[in-house]
1. Between the alpha-carbon centers of segment 337-402 and segment 47-72, tell me the distance in whole angstrom.
2. To check you understand DSSP bridge types, tell me what percent of the beta bridges within segment 12-178 (both residues inside) are antiparallel, rounded to 5.
3. What relative contact order, as a whole-number percentage, does segment 52-199 give when Cα pairs under 8 Å and 6 or more residues apart are counted?
4. Note the direction-averaged projected area, equal to a quarter of the hull surface, for the Cα convex hull of segment 12-178, in nm².
5. To the nearest 500 deg cm²/dmol, what mean residue ellipticity at 222 nm is calculated for the chain from DSSP H runs of n ≥ 4 alone, each contributing -39,500 (n - 2.57), summed and divided by the residues?
6. Using the basic label-point model (7 angstrom from Cα toward the beta carbon), what is the residue 342 to residue 61 distance in nanometres?
7. Mind checking the full-extension length gain between residue 321 and residue 214? Use 0.36 nm per residue of separation minus the Cα-Cα distance, one decimal, nm.
8. Using the Cα atoms as the points, what is the convex hull volume per residue of segment 317-439 in Å³?
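What follows is calculated from the coordinates using simple rules that are stated; it is not laboratory data. For clarity, every value in this text was computed on a predicted model and none was experimentally measured. Backbone-built Cβ (ideal geometry, glycine too); neighbour counts: all protein chains shown.
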């Protein structure tokens, strides 16, 4: 992967605080159970803009909307503290978010050509919480200028603040302010809908979607045994339609009607990963992460919409048809949230867990507003991506929207960002490229 040498200074870091100082700098934002569950994970977003979109924008103009943005997002500029019982919370002390500036001696197109894996490293500040939580920012925004005048906007968002949809909405609100739109005076606290699940699809067994974790020193980061690498695959709309067409012939009308593109992509990746290495050791149990629907536009950041489900197969996945896995994913999800929340709440967030990568985890981000939601000078990003940090050894697969393809149908494919042990990822690239032409 190409480096990011700076033309001037290696780093320039500053702090942005809310435009309106809080009356009570000791106010506390209480973290709920789902927040505490994901506290070792981080969400990293990148948006790449060409010189037309970035033209005329100075660092002053890019930073200016952040000040009023943080008024309704007061806890985002706070810092982690612990209560007397040891339970973490956020002190809303207006300590601010960090802004990092960098310059690259390549053009934007050269960067894309040199980084065909599409990962976000280098364009997002590599931040985690700790070792001194009281001084660790929860958010970093990094602006990187390319030699051609293009610009990268990179967001590193502590998952404890909210899920990936919350992170997308945060940076989307920033771009709306930058474009002259008004910001709502307040954000809606989530009015959570009941999940659309049947009673027999709720697990009463100990959850397999989470596992206890050891952390790296005093950092909120899980220690790992394996060297994980990340790669983003682009599935074009033509390839996506082909996958659905060849698979749909083998599934019932009911399954086809209730299945999403996410289900088909997850089934394909599950089968391919199961065929890597020892042919009897592929994952028979996976985690599916989805989000409850009907999220409000001006939603307060939250993790409460996350739904973690397990899917268990009683057969070796690598030998089965993709259609069988599509049916499993669409119809056999067993929600584990009640059991997970019970475990985390009983220890008041003092214990450490991982959920992404505890088992092979598929995350549905198809509805993320990555292209229409974030604009500079009215222009969409030419590329957007998301990756998770703090992933467990079993790996994670994120399914995101892609920019509009140049196919005749003008449809949209998907970006599939995969983090796996490095040797497994190399084999997955060979399988997807050789058998499906997906790179």
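1. First find each Cα centre; the distance between them is then 25 Å.
2. The answer is about 80 percent antiparallel.
3. Rounded, it is 25 percent for segment 52-199.
4. 10.2
5. -7000 deg cm²/dmol
6. A separation of 5.6 nm, rounded to one decimal place.
7. 34.8 nm
8. Numbers: hull volume 21.9 nm³, N = 123.
Spread over its residues, the Cα hull of segment 317-439 gives 178 Å³ apiece.
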